[in-house]
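As structure tokens, the structure follows; a few thoughts come after it.
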Amino acid sequence: MQEGTSVETPTGQRHVFLGHVRFADLDPLNHVNNVRMLTYLEDARISLLRWDDADSSSRFGDVVVARHEVDYLRPLQMRRDPFRVETWVTEIRNASFTVRYEILDDDAVYLKALSVLVAYDLAQQRPRRLSPEERAHLARYYLP
């Protein structure tokens, strides 16, 4: 499986980001530090929101994280093989959307999380509406 690909589910598709555990990610108990797990989510979220298109003006605008919920289910330890971070969208509103995540491999789910993201205009320092292109991109990964 390639990074940034999609995996079909019975109800739609999830975006897949492949992560790699580094020695620097480990805590004294020899499993990935909880803060590093959030970095894996950030990397997957960036991969989800970046899309390649022939039109170079197509890009996701700025967003800010309004909320995170994280359930740590099992410790993730050092490994040679990559793990997957699967992401999908569960809600799309006028100026915000909700992304869910799972960090997993073929044997276990290590973490489940969600983030509420708000479209933001940095110049005006205020929330903004999602553009039609952004909404269409998010709809590709919408799984209610």
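Using the Cβ-Cβ distance between E42 and A139 with R0 set to 25 Å, the FRET efficiency from 1/(1 + (r/R0)^6) comes to roughly 0.65. Dipole check for region 15-140: with +1 at the C-beta of Lys and Arg, -1 at the C-beta of Asp and Glu, and the Cα centre as origin, the magnitude is about 300 Debye.
The length gained by stretching the chain between V116 and R74 to full extension, at 0.36 nm per residue less their Cα-Cα distance, is 12.8 nm.
Take the Cβ atoms of D105 and R126, set R0 to 35 Å, and the FRET efficiency comes out at 0.30. Overall, the accessible surface of region 15-140 at a probe of 1.4 angstrom is composed of carbon and sulfur to the extent of 46 percent.
The values are calculated or read from the model by the stated rules, or taken from the named source; none is laboratory data. Treat the numbers as computed from the prediction; the structure is a model and nothing was measured. Glycine gets a Cβ as well: all are built from the backbone with ideal geometry, and neighbour counts include every protein chain shown. Areas reflect the complete protein model, heavy atoms only, side chains present, ligands, DNA and RNA absent. Shrake-Rupley method; radii C 1.70, N 1.55, O 1.52, S 1.80 Å.
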